[in-house]
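Enquirer: Shown below is the structure under consideration.
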Amino acid sequence: MAMIGRLSQKLLKSSALIQSRKLSAAVHGEQAAKTWKILSFVVALPGVAVCMVNMYLRAQQHDHGQPEFVPYSHLRIRSKRFPWGDGNHSLFHNSHLNALPDGYEHHDE
């Protein structure tokens, strides 16, 4: 019985030591949180804004024409029909960019 008492006292002392370490870490943690918050607003958000402007300007310079159709034999193989629509268009088909096995769809624009 005395052994259980000593063991419980040691556990209580070690938990009190851990608790005091947590409290001292909490003060440091608050400072670290402030530092990361400042870095997020000063570095990360302007970095994202610069990347967005860069991609917007590149999109304005890009030619939005349809790429040339090359009928490679290993691409656009249809061994069975798709279970939706006419069976020849993929689920997320984009008629301006995705070619069918026989070429692009023609649009009157």
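Enquirer: Pick out the one residue from Ser40, Ser8 that is surrounded by 10 or more Cβ atoms within 10 Å (Cβ to Cβ), of a type in the set (Ser, Thr, Tyr) and at pLDDT below 85.
Expert: Ser8
Enquirer: OK, next. Can you list residue pairs whose Cβ atoms sit under 8 Å apart, with the first residue in the range 55-67 being within 24 Å of Leu100 (Cβ to Cβ) and the second being not in a helix (DSSP H, G or I)? Count only pairs 6 or more apart in sequence or on different chains.
Expert: If the second residue must be not in a helix (DSSP H, G or I), the pairs left are Gln66/His96; Gln66/Leu97; Gln66/Tyr104; Pro67/Leu97.
Enquirer: Further, regarding this structure: In the range 43-66, what count of residues is obtained for those that are surrounded by 10 or more Cβ atoms within 10 Å (Cβ to Cβ) and modelled with pLDDT under 90?
Expert: Total meeting the criteria: 1.
The values are calculated or read from the model by the stated rules, or taken from the named source; none is laboratory data. Everything numeric here is computed off the predicted structure, so don't read it as measured data. Quick reminder, even Gly has a Cβ in these numbers, built from the backbone with ideal geometry, and neighbours come from all protein chains shown.
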